[in-house]
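K.L.:
Following this message is one structure expressed as structure tokens.
Here, each number is a calculation from the coordinates, and none is a lab measurement. All values reported here derive from a predicted model rather than from experimental measurement. Counting neighbours? That spans all protein chains shown, and the Cβs are built from the backbone with ideal geometry, glycine included.
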Amino acid sequence: MSRVETVSRRGFLESMFSAGALVLGAGSLPFQAEGAVDATRAVWNPSVYLGIETDGTVIAVAHRSEMGTGIRSVLPMLLADELDADWSKVKVQQAIGDEKYGSQNTDGSCSIRDFYDAIRDAGASARLMLERAAASKWGVPASECKASNHFVTHASGKKLGYGELASLAKQQPVPAKADLRHKSEAEFRYVGKEVATIDRDDLCMGKGTFGMDAKVPGMVYASIERSPVYGGKVKSHDDSEAKKVKGVQQTVVIDRFKEPQIFQQLGGVAVIADNTWSAMQGRKKLKVDWDLGPNAGYDSEAYRKELVEKARQPQKVVRNIGDVDKVLASGAKVIEADYYVPMLAHAAMEPPAAVAEFKDGKVTAWTATQNPQAVQDAVSAAMGIAKKDVVCNVTLLGGGFGRKSKPDYVVEAAMLSKKVGKPVKVVWSREEDIKFDYFHAVAAMHMKAAVDGKGKPTAWLHRSVFPTIGSTFDASATYGQEFEMGMGWNDLPYDIPNHRAENGPAKNHVRIGWMRSVANIYHAFAIHSFVDELAAAAGRDRVEYILDLIGPARNVDPKPEGMKYWNNDQPLDKFPIETQRLRRVVEVVAEKSGWAKQKSGNGRGWGIAAHRSFLSYVAAVVEVEMDGKGGFRIPNVHIASDSGLIISPDRVKSQHEGAAVFGASIAMLGEITAANGRIVQSNFHDYQVARMHQAPVQTHVHIIPSKQRPAGVGEPGVPPVPPAICNAIFAATGKRYRDLPLKKHKLA
């Protein structure tokens with residue numbers, strides 16, 4: 001008789017490659033807390049981000065979530081550098097959700113940007129306290145003591161290790177901010193250098209603990225049958241056949257969410273079982289009668305036509321400079337085009353999963369989340385308990401892209417734990433992950449420009465219509481939010497005297513959420529494809545045309561007429577829109593790609609696009625080769641990036657390489673559709689991401705050295721890639737594709 005065994009990923013791989021091995025089943029790894037150390041229990045805990053033990057161990061607290069970006073290493077690396085600690089003596093503690101850390105939302109490419117000063121202050125303050133402690137012990141002025149590589153030394157040659165000084169440093173008063181001396185760039189030991197991430201070896205050996213690995217004693221497993229249409233609820237259900245599945249213990253009805261959705265549970269019927277397999281098999285045998293609600297008639301093709309038609313009509317003005325209508329009516333040559341980007345799913349490698357235990361009026365959760373504080377908020381609201389009574393332990397994330405900052409799956413686990421009286425592990429299948437996502441919005445855009453004799457716009461009009469993320473937080477919201485319009489739409493950096501941006505309303509029929517680079521995806525596609533069309537109509541070189549369009553070096557004021565403008569919630573005087581930096585990435589990517597020497601046509605083409613997002617400037621040049629069978633390959637992608645001061649060049653390079661694949665997937669393959677209110681796609685066979693033969697063969701990342709403040713890295717590489725691909729296809733074939741994905745078209 002076959003038996004089911006719990007096997008680790010490493011054990012699974014070993015057995016797969018062993019001669020004659022047969023694997024009958026796999027369970028979850030025993031849960032291991034990601035932080036084996038605790039800064040709060042260290043001998044000296046000078047900051048919420050730092051602890052130092054008497055043996056010299058430095059405990060650096062990573063309060064953001066690790067999903068492949070390297071942030072769990074990079075923030076501690078910044079701290080260790082300012083502390084002048086020996087990196088080999090640094091251990092990293094993954095923080096639980098706690099407001100004392102400030103925002104823990106690992107979203108919006110802002111972890112370094114938002115905490116650059118705070119982390120450096122923590123390191124510099126502790127370093128000064130160590131120096132003062134040594135000075136006190138030696139009876140010398142602190143100015144004669146210097147911390148370096150885990151020791152404090154005196155001019156006489158005496159030195160003491162950080163561990164030896166920890167107890168003494170604890171007695172020192174916290175320095176005034178004015179007394180802190182931050183390192184200069186020349187003094188950096190780790191910042192800007194190639195330093196391996198702290199968990200690289202463990203991840204390569206299969207030792208990382210992800211959300212799917214979380215396991216606590218006595219837990220049961222849940223698989224949930226949700227309404228096939230967004231907003232539906234259970235009318236009745238028959239679980240008699242489900243209960244016949246071996247291992248199934250019971251079924252539990254979960255109530256539908258109450259508006260607004262935010263991060264609540266969708267609702268449905270949960271099957272509780274001894275293991276995930278039994279729970280999923282039992283769920284398949286449920287018979288549920290649904291009240292499908294008002295979205296049962298949602299059809300994505302009809303909705304597309306509605307959005308396109310709206311985009312062709314005047315809409316709400318979100319930015320206005322000059323007199324666009326007058327110039328368009330003046331008799332100048334006018335060019336216009338419509339663009340469309342479909343709904344998209346996150347499809348991270350690891351689907352959502354969470355373990356939660358409700359006990360004594362409190363909830364403890366273990367999950368892969370981008371925002372443990374959002375877990376506290378959502379679970380406390382759902383359970384009617386205080387936020388402080390929700391403990392969220394953060395595991396590694398097998399990808400996130402914004403999906404895992406929305407903790408509805410943790411709410412499900414917490415609610416079920418209360419109902420069944422045991423810890424519950426909720427595991428989403430890939431099919432559930434795709435069908436019940438917080439989808440990236442579909443968008444229709446209309447572009448129109450009057451051009452002069454050189455093809456440069458004298459007037460520019462663009463309209464965008466899409467269901468807003470705001471509908472997740474306010475069910476009545478239909479217009480784009482200020483932050484969505486500030487993502488490449490009302491902050492156009494071009495030197496155009498007359499410019500108007502408009503936004504039309506759109507009702508949501510599914511959950512709408514942010515995805516990697518958010519509204520920049522569709523806004524960049526429309527704008528930079530249109531720029532290429534204008535350059536083609538003028539017969540001008542694309543690089544020369546883009547530089548002419550950007551115009552002279554200056555700081556762009558997107559609100560000269562009092563319009564509101566979102567700048568990633570940062571003041572424009574701190575993070576201005578600098579056209580000289582946008583020009584520079586265009587110049588660098590053109591130089592590095594050999595643009596001036598490339599010859600497009602006859603099935604081979606080069607395309608370019610440049611975009612500012614998340615306070616960074618990125619330009620991409622893409623080479624395509626048509627295969628003559630309706631397909632193409634991407635031999636080369638060149639990306640030039642100016643994201644300010646770089647902490648970890650290796651992580652920046654990796655994230656831009658990933659962005660090239662992510663952007664190629666959007667351009668070529670990504671599309672979520674709906675019929676009768678139901679999402680059509682269900683797995684990677686019909687919601688595809690770029691395979692090896694479709695992904696860029698080589699991605700060359702050119703990081704521009706900068707002394708500006710650190711800006712975003714994880715997302716800015718995505719927006720220019722899809723339009724650059726389509727522009728390259730036009731250069732290769734002479735055919736223009738204005739709607740994605742390209743798989744819908746028979747390419748020339």
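K.L.:
Applying a 10 Å radius around every beta-carbon, put 329-339, 586-596, 260-270 in order of their mean neighbour count, most first.
P.N.:
Working: 329-339: 15.1, 586-596: 19.1, 260-270: 22.3.
My ranking of the peptides, most packed first, is 260-270, 586-596, 329-339.
K.L.:
Skipping prolines and chain starts, which residues have an amide H placed within reach, meaning under 5 Å, of the one on Ala674, given they are 5 or more residues away or on another chain?
P.N.:
Amide H to amide H, under 5 Å and 5 or more residues apart or across chains, Ala674 pairs with Ser300, Glu301, Val680.
K.L.:
Trp514: net charge of surrounding residues, Cβ under 15 Å, Lys/Arg +1, Asp/Glu -1, itself excluded? Please report the intermediate quantities before stating the final value.
P.N.:
On the way: positive: Arg403, Lys404, Lys406, Arg511, Arg516; negative: Asp107, Asp408, Asp437, Glu482, Glu484, Asp569, Glu715.
Summing Lys and Arg as +1 and Asp and Glu as -1 gives -2.
K.L.:
Using the Kirkwood radius over C-alpha pairs as Rh, can you work out the diffusion coefficient of region 610-675 via Stokes-Einstein at 4 °C, viscosity 1.567 mPa s, in µm² per second? Don't skip to the answer; put the middle values down first.
P.N.:
Working: Rh = 13.9 Å.
Once the numbers are plugged in, D ends up at 93 µm²/s.
K.L.:
Could I ask something else about it? May I have the extent of the alpha carbons of the chain along their three principal axes, as whole Å values ordered from largest to smallest?
P.N.:
81, 79, 57
K.L.:
How large is the translational diffusion coefficient of region 492-553 in µm² per second when you combine the Kirkwood radius over alpha carbon pairs with Stokes-Einstein at 4 °C and 1.567 mPa s?
P.N.:
Numbers: Rh = 14.1 Å.
Calculated translational D: 92 µm²/s.
K.L.:
Among the listed pairs Lys177/Lys559; Lys448/Lys597; Lys246/Lys425; Lys207/Lys425; Lys258/Lys404; Lys89/Lys177, which have their C-alpha atoms separated by more than 23 angstrom in this model?
P.N.:
On the way: Lys177/Lys559 35 Å; Lys448/Lys597 32 Å; Lys246/Lys425 18 Å; Lys207/Lys425 20 Å; Lys258/Lys404 21 Å; Lys89/Lys177 27 Å.
Those over the limit are Lys177/Lys559; Lys448/Lys597; Lys89/Lys177.
K.L.:
If every alpha-carbon in region 440-589 counts as one equal scatterer, what log10 I(q)/I(0) does Debye give at q = 0.17, 0.18 1/Å?
P.N.:
For region 440-589 at q = 0.17, 0.18 Å⁻¹, log10 I(q)/I(0) is -1.04, -1.14.
K.L.:
Which value at 222 nm does the chain reach when only helices count, each DSSP H run of 4 or more adding -39,500 (n - 2.57), with the total divided by all residues and rounded to the nearest 500 deg cm²/dmol? Let's see the in-between values first.
P.N.:
Details: 17 runs with 200 residues, N = 748.
The helix contribution divided over the chain gives -8500 deg cm²/dmol.
K.L.:
Can you work out the PRE-style zone for Ser429? Point 7 Å along Cα to Cβ, and I want the residues of region 335-357 with backbone N under 16 Å.
P.N.:
Hits in region 335-357 for Ser429 at 16 Å: 351-353.
K.L.:
Pull up the DSSP beta bridges for region 337-468 and report the antiparallel fraction as a percent, rounded to 5.
P.N.:
Numbers: 24 of 29 bridges.
In region 337-468, approximately 85 percent of DSSP beta bridges are antiparallel ones.
K.L.:
What is the sum of charges around Leu492, taking Lys and Arg as +1, Asp and Glu as -1, for the other residues whose C-beta is under 11 Å from the C-beta of Leu492? Each step should come with its number before you reach the end.
P.N.:
On the way: positive: Arg319, Arg500, Arg612; negative: Asp491, Asp495.
Around Leu492, the charge tally is +1.
K.L.:
Which value, to two decimals, describes the C-alpha radius of gyration of region 40-195 once divided by 2.2 N^0.38 Å?
P.N.:
Values: Rg = 15.2 Å, N = 156, 2.2 N^0.38 = 15.0 Å.
For region 40-195, the normalised Cα radius of gyration is 1.01.
K.L.:
Which percent, to the nearest 5, of DSSP beta bridges fully inside region 40-195 are antiparallel?
P.N.:
In region 40-195, approximately 70 percent of DSSP beta bridges are antiparallel ones.
K.L.:
Would you mind telling me the antiparallel percentage of the DSSP bridges in the chain, rounded to 5?
P.N.:
Details: 87 of 115 bridges.
Rounded to the nearest five, the antiparallel share is 75 percent.
K.L.:
Next question. Given axes a ≥ b ≥ c from the Cα gyration tensor, I'd like to know whether region 567-709 is rounded (a/c under 1.5), prolate (a/b larger than b/c) or oblate. Show your work: numbers first, answer last.
P.N.:
On the way: a/c = 2.21, a/b = 1.32, b/c = 1.68.
Taking the square roots of the gyration eigenvalues as a ≥ b ≥ c, region 567-709 is oblate.
K.L.:
Would you please calculate the Kirkwood hydrodynamic radius of region 637-716 over all C-alpha pairs and express it in Å, rounded to one decimal? Mind showing how you got there, number by number?
P.N.:
Values: mean 1/r = 0.0689 Å⁻¹.
Computed over region 637-716, the radius equals 14.5 Å.
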